[in-house]
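Just below is one structure, and these are the notes that go with it.
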Amino acid sequence: MTAIGDSVSMVRAVRIAGPGREFLIDDEPVDLQIADGLIVDIAPTGALRAAGEVLDAEGAWAIPGLWDNHVHTVQWALASEREPLDTMTSAAEAASHMARVVPLPDGRRIGSGFRDALWLDSPTLEVLDRATGSVPTYLINADVHSVWLNSAALRREGFASTDGMLREDDAFEISRRLNAVDPEHVDRAVRTAGERAATRGVTGLVDFDMAWNADAWPRRVADGFAAHRVEFAVYPADLQRAIAAGLRTGELCEVPDASGGARGLIRVGPLKVITDGSLGTRTAACSHAYPDDPHNHGALNVQPDELFDLLLTATGAGLGVALHAIGDRATTAALDAITLTGATGTIEHAQLVRHADLARFARLGVIASVQPQHALDDRDLVSRLWSEQTSIGYPLASLRDAGVEIRFGSDAPVAPLDPWQAIAAAVSRTDGEREPWHPEERLRIDDAVAASIRSSLRPGEVADIVVCGKDPQTATGEQLRTMPVAGTVLAGRLTHIS
């Protein structure tokens with residue numbers, strides 16, 4: 001009987017429901033023969049002889065392995081140790097709730113996931129201090145672009161704030177400090193989280209952890225991590241270090257102590273630049289002001305001249321780029337910098353896009369790396385904070401129709417790391433409880449799957465395979481969201497079986 005960690009030589013009796021099915025004459029089950037981590041042959045069930053372990057799909061459906069193209073891995077892995085605040089409806093409720101949270105061993109209380117832009121009251125230092133007292137208490141916004149600290153936490157971290165709120169770079173620094181736990185502890189958390197991701201069919205992710213990942217990932221693989229592929233980013237503060245180390249986007253990271261099943265999993269990703277803020281923190285750089293603050297158009301965290309220099313340096317060193325741009329003004333500035341430097345890569349989020357910029361994405365070959373679940377989570381914020389914007393909000397079909405390559409992610413822990421949620425959100429534009437939001441931006445299932453994979457079920461392709469309990473081609477939005485995953489295969493090795 002096959003077990004997690006086994007190398008399989010065949011996935012038997014599976015119906016191909018994703019890329020690769022166009023080469024089959026019907027939808028009858030086939031056998032996928034695997035060798036050396038690759039699909040080497042496809043034939044009607046029973047026509048090929050298995051040379052080793054077999055994963056019997058029993059007529060279930062298969063698609064290529066799923067990717068999450070935007071993950072903050074350490075923050076996601078540690079989220080289970082932090083108090084969830086997504087159900088809080090006011091600052092007073094969130095502060096009172098945190099007062100009852102048991103401090104972590106380091107003496108800090110940490111909560112995450114609040115959305116103060118939807119609250120009727122505002123976070124204040126007085127409210128949080130009154131509830132939490134002398135215990136250092138940290139509340140991380142759902143968008144991670146702001147944090148709310150009590151006086152004890154501000155003193156501990158050496159920051160000052162009249163209302164307890166830190167935004168953008170200061171907030172990122174707090175997150176970096178909270179994530180900088182003992183490496184052995186965080187590596188265990190990452191390994192557990194990776195195994196959990198495999199149960200949803202994940203075979204790869206792009207890691208945007210705000211740290212030096214060139215050492216962290218080889219260390220994790222050497223210690224036994226083998227759940228999925230990883231492309232890790234570097235940030236501007238480490239750009240010169242990355243260049244000195246000879247890192248180039250797409251190249252494999254050698255891990256001398258890795259077992260055979262884990263070799264080839266880690267690659268260098270892009271330079272990540274956060275060019276503006278976020279919707280929830282009201283710092284996304286937009287053409288029109290925020291309704292509750294006529295002087296606030298958001299902010300560019302990186303000015304055009306600096307962005308040009310960063311992209312020119314990265315491109316010359318062989319590094320692609322991933323440019324965080326949420327507001328339409330930031331997206332335009334990012335495309336301008338790419339035009340001037342010849343940089344290649346992605347624009348991350350692209351939540352508000354000028355009509356004229358849609359064609360520029362395609363003309364420049366820039367990939368739109370988007371998070372479909374954000375459209376559903378943010379729809380109430382959009383109606384409140386972007387009601388006067390004239391650009392396209394959370395475009396999907398508009399990008400596709402312009403000829404833009406789209407990739408899906410979660411921005412975990414902002415949204416759950418589950419590609420099926422992204423696929424369902426893109427296809428239905430609803431979570432099932434409300435009418436579809438801007439249904440004109442829905443994608444077809446084939447488009448949504450294509451945005452979530454990096455390979456195909458064809459001979460010669462990597463054997464990254466997800467066996468699904470339902471046919472994705474006929475599943476409803478809710479069925480996609482809760483898709484049963486019967487098995488996940490990574491380079492011919494079983495990482496999950498139900």
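The values are calculated or read from the model by the stated rules, or taken from the named source; none is laboratory data. Predicted model only: the values in this text are computed from it and were never measured. As a convention, Cβ positions derive from the backbone with ideal geometry for all residues, glycine included, and neighbour counts pool all protein chains shown. Remember, those area values only see protein heavy atoms, side chains included, never the ligands or the DNA or RNA. Shrake-Rupley method; radii C 1.70, N 1.55, O 1.52, S 1.80 Å.
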Checklist entry - Scanning for something crowded, with 22+ Cβ neighbours inside 10 Å, assigned to a loop (DSSP other than H, G, I, E, B) and on the phi > 0 side of the Ramachandran plot, does the stretch 288-303 turn up at least one residue? => result yes
Checklist entry - strands (runs of 3 or more DSSP E) wholly in the stretch 2-54 with at least 3 residues that are touching a Pro at 6+ places or on another chain (Cβ under 8 Å) and either of a type in the set (Val, Ile, Thr) or at pLDDT 95 or above (or both) - which ones? => result 8-16, 38-44
Checklist entry - Given the residues Ala237, Ala197, which is the only one that is among the hydrophobic types (A, V, I, L, M, F, W, C), surrounded by fewer than 16 Cβ atoms within 10 Å (Cβ to Cβ) and either at pLDDT 95 or above or in a helix (DSSP H, G or I) (or both)? => result Ala237
Checklist entry - What pairs can you find where one residue is in the stretch 371-399 and farther than 14 Å from Ser278 by Cα and open to solvent by 10 Å² or more (accessible area, probe 1.4 Å), the other is in a loop (DSSP other than H, G, I, E, B) and at pLDDT below 95, and their Cβ atoms are less than 7 Å apart, with a gap of 6+ or different chains? => result Leu376/Asp431; Ser387/Pro291; Glu388/Pro291
Item to check | Complete set of residues in the stretch 25-57 that are within 22 Å of Pro472 (Cβ to Cβ) and free of Cβ contacts under 8 Å to residues at least 12 places away in the same chain | outcome: Ile25, Asp26
Next on the checklist: Go through the stretch 460-497 and report how many residues are of a type in the set (Gly, Ala, Ser), without any contact (Cβ under 8 Å) to a residue 60 or more places away in the chain and in a loop (DSSP other than H, G, I, E, B).
Outcome noted: 1
Checklist entry - Quick one: is Ala314 part of a helix (DSSP H, G or I), farther than 25 Å from Ser387 by Cβ, open to solvent by less than 10 Å² (accessible area, probe 1.4 Å) and touching a Leu at 6+ places or on another chain (Cβ under 8 Å)? => result yes
Checklist outcome for this item: Scanning the stretch 192-216 for residues that are under 12 Å from Val230 (Cβ atoms) and touching a strand residue (DSSP E or B) at 6+ places or on another chain (Cβ under 6 Å) gives Val202, Thr203, Gly204, Leu205, Val206, Asp207, Phe208, Asn213
Next on the checklist: Test of understanding: among Leu352, Leu335, which residue is within 26 Å of Trp67 (Cα to Cα), buried (at least 24 other Cβ atoms within 10 Å of the Cβ), in contact with a strand residue (DSSP E or B) (Cβ under 8 Å, 6 or more places away or on another chain) and among the hydrophobic types (A, V, I, L, M, F, W, C)?
Outcome noted: Leu352
Item to check | Selection from the stretch 65-105 of residues that are touching a residue at least 60 places away in the same chain (Cβ under 8 Å) and closer than 21 Å to Ala152 by Cα | outcome: Glu81
Item to check | Scan of the stretch 324-346 for residues that are among the hydrophobic types (A, V, I, L, M, F, W, C) and either at pLDDT below 95 or closer than 17 Å to Asp143 by Cβ (or both), ordered by number | outcome: Ala325, Ile326, Ala330
Checklist entry - Quick one: is Thr192 open to solvent by 70 Å² or more (accessible area, probe 1.4 Å), part of a helix (DSSP H, G or I) and over 28 Å from Leu300 (Cβ atoms)? => result yes
Item to check | Total residues in the stretch 73-106, condition of a type outside the set (Lys, Arg) and open to solvent by less than 30 Å² (accessible area, probe 1.4 Å) | outcome: 14
Next on the checklist: Tell me whether the stretch 127-143 contains one or more residues that are within 21 Å of Asn69 (Cα to Cα) and in a loop (DSSP other than H, G, I, E, B).
Outcome noted: yes
Checklist entry - Which residues, counting only those in the stretch 341-400, are farther than 25 Å from Val206 by Cα and touching a Lys or Arg at 6+ places or on another chain (Cβ under 7 Å)? => result Leu385, Ser391
Checklist entry - Can you tell me which of Asp357, Asp378 is of a type in the set (Asp, Glu), farther than 24 Å from Val144 by Cα and part of a helix (DSSP H, G or I)? => result Asp357
Next on the checklist: I'd like to know if the stretch 18-27 contains one or more residues that are within 26 Å of Arg263 (Cβ to Cβ), among the hydrophobic types (A, V, I, L, M, F, W, C) and not assigned by the TED database to the domain that holds Ser369.
Outcome noted: no
Next on the checklist: I'm trying to understand the selection: among the residues of the stretch 400-452, which are farther than 27 Å from Gln75 by Cα, open to solvent by less than 20 Å² (accessible area, probe 1.4 Å) and of a type in the set (Val, Ile, Thr)?
Outcome noted: Val404
